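Engineer: Pasting a structure below so you can have a look.
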Amino acid sequence: MAAGKVLVYGGRGALGSQCVRYFKSKNWWVASIDLAENADASANVVVRATDSFPEQAEQVTAEVGKLLGEEKVDAILCVAGGWAGGSAKAKSLYKNCDLMWKQSVWTSTISSHLATKHLKEGGLLTLTGAQAALSGTPGMIAYGMAKGAVHQLCQSLAGASSGLPSGSAAVAILPVTLDTPANRKSMPDADFSSWTPLEFIAETFYDWITGKDRPSSGSLIQVVTTGGKTELVSAAHL
């Protein structure tokens, strides 16, 4: 029998795949939600790409409902996302805003609604923000705006009438740079000792889910790595 149950939204990405592997190694049942299947997951919900948010949201919600039935999960980890640069003057502004909204805001919103339906009382919902979005991001307008929306959503979910189950928590992680293959490829000369290992994030999620050092609901937790050492630093509420 599985030790616990978790949904990983973005389960095919670098961080999502790490989370799937980590929780499977702990004998958990893990479902991946993404645009493609993750063969390591216990179950998969494949998201249909569409330009309609209600269409995508309803499809994912219906398929997760079919998968879980009356079963509840211990956690929903929304680790979907992406990055795009560009100022307000950039030719790619509209396209990048659309992409960032789909990758960060759509996924976070769907994960939040799934939590109201399928999260256990006392369960955990994690969202993925960004430390950069705690202030202005003039060189990456779309990214900062989308991540800022995720931070706001996290804080709203902490409210008594947010719709989340009793005793549950919504917590956003705010990384600086994650140590992913794509980041190493695009920034080969960077200082990797200031990048956060994916294992650290997966382990942190596991600790929080199992009740160890879990932040209060609505917390924005900066993930800061210096000289190969990673710390979790709570950001002041906006």
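The values are calculated or read from the model by the stated rules, or taken from the named source; none is laboratory data. None of these values were measured; they are calculated from a predicted model. Note that each Cβ is placed from the backbone with ideal geometry, even for glycine, and that neighbours are counted across all protein chains shown. The accessibility values were calculated without ligands, DNA or RNA, using every heavy atom of the protein model including side chains. Shrake-Rupley method; radii C 1.70, N 1.55, O 1.52, S 1.80 Å.
Engineer: Please tell me which of these pairs span more than 23 angstrom C-alpha to C-alpha: LYS66/LYS120; LYS5/LYS147; LYS5/LYS229; LYS5/LYS66; LYS66/LYS117?
Structural biologist: LYS5/LYS147; LYS5/LYS229
Engineer: Calculate how many DSSP beta bridges within region 126-238 are antiparallel, expressed in % of all such bridges and rounded to the nearest 5. Don't skip to the end; give the middle numbers.
Structural biologist: Working: 6 of 14 bridges.
Beta bridges within region 126-238, antiparallel portion: roughly 45 percent.
Engineer: Take the alpha carbon gyration tensor of region 62-127, find the square roots of its eigenvalues, order them as a ≥ b ≥ c, and report rounded if a/c is under 1.5; if not, report prolate when a/b exceeds b/c, else oblate.
Structural biologist: Verdict is prolate for region 62-127.
Engineer: OK, next. Mind giving me the nanometre distance, one decimal, between the label points for MET187 and LYS91, set 7 Å out from Cα along Cα→Cβ?
Structural biologist: Distance between the two pseudo-spin positions: 2.6 nm.
Engineer: Whose amide H sits under 5 Å from the amide H of THR196, counting only residues 5 or more places off or on another chain, with H placed in the peptide plane?
Structural biologist: THR177, LEU178, ASP179
Engineer: List the trypsin sites (Lys or Arg not before Pro) in region 57-96 that DSSP assigns to loop (not H, G, I, E or B) and whose Cβ has at most 16 other Cβ atoms within 10 Å. Which are they?
Structural biologist: Passing both the DSSP loop test and the Cβ count: LYS72, LYS89, LYS91.
Engineer: In addition: Over the chain, average the accessible area per residue using a 1.4 Å probe and give it in Å², no decimals.
Structural biologist: On a per-residue basis, 47 Å².
Engineer: GNM, the chain, Cα, under 10 Å: largest mean-square fluctuation among SER193, SER112, SER168?
Structural biologist: So, out of SER193, SER112, SER168, the one fluctuating most is SER193.
Engineer: Check cross-link reach from LYS24 to the aspartates and glutamates: straight Cα distance under 13 Å, and skip same-chain residues fewer than eight apart.
Structural biologist: Of all the aspartates and glutamates, those that pass the test against LYS24 - Cα under 13 Å, at least 8 places apart if same chain - are ASP40, GLU203.
Engineer: Picking from THR116, LEU127, TRP83, whose Cα lies most toward the positive end of the charge dipole for region 79-131 (charges on Cβ: Lys, Arg +1; Asp, Glu -1)?
Structural biologist: The residue sitting most towards the positive pole is TRP83.
Engineer: Scan region 1-86 for GluC sites (Glu not before Pro) in coil per DSSP, keeping those whose Cβ has at most 15 other Cβ atoms within 10 Å, and list them by number.
Structural biologist: Those satisfying the criteria are GLU37, GLU70, GLU71.
Engineer: Here's another thing I want to ask about it. If you roll a 1.4 Å probe over region 1-67 with all protein chains in place, what percent of the accessible area is carbon or sulfur?
Structural biologist: Details: 1580 of 3180 Å².
Here carbon and sulfur together make up 50 percent of the probe-accessible area.
Engineer: Determine which aspartates and glutamates satisfy two conditions relative to LYS102: a Cα distance under 20 Å, and not lying fewer than 8 residues away in the same chain.
Structural biologist: Correct list for LYS102: ASP34, GLU37, ASP51, GLU55, GLU58, GLU63.
Engineer: Can you work out ³J(HN,Hα) from phi for every residue in region 177-185, in order, using Karplus 6.51 cos²θ - 1.76 cosθ + 1.60 and θ = phi - 60°, giving whole Hz and x for Gly and Pro?
Structural biologist: 9, 8, 7, 10, x, 5, 5, 5, 5
Engineer: Still on this structure, I have one more. Only Lys, Arg, Asp and Glu count, each charged at its Cβ (+1, +1, -1, -1), so figure out the dipole size of the chain about its Cα centre, rounded to 20 debye.
Structural biologist: Working: 20 positive and 20 negative charges, 48 e Å.
Around 220 debye, computed over the chain.
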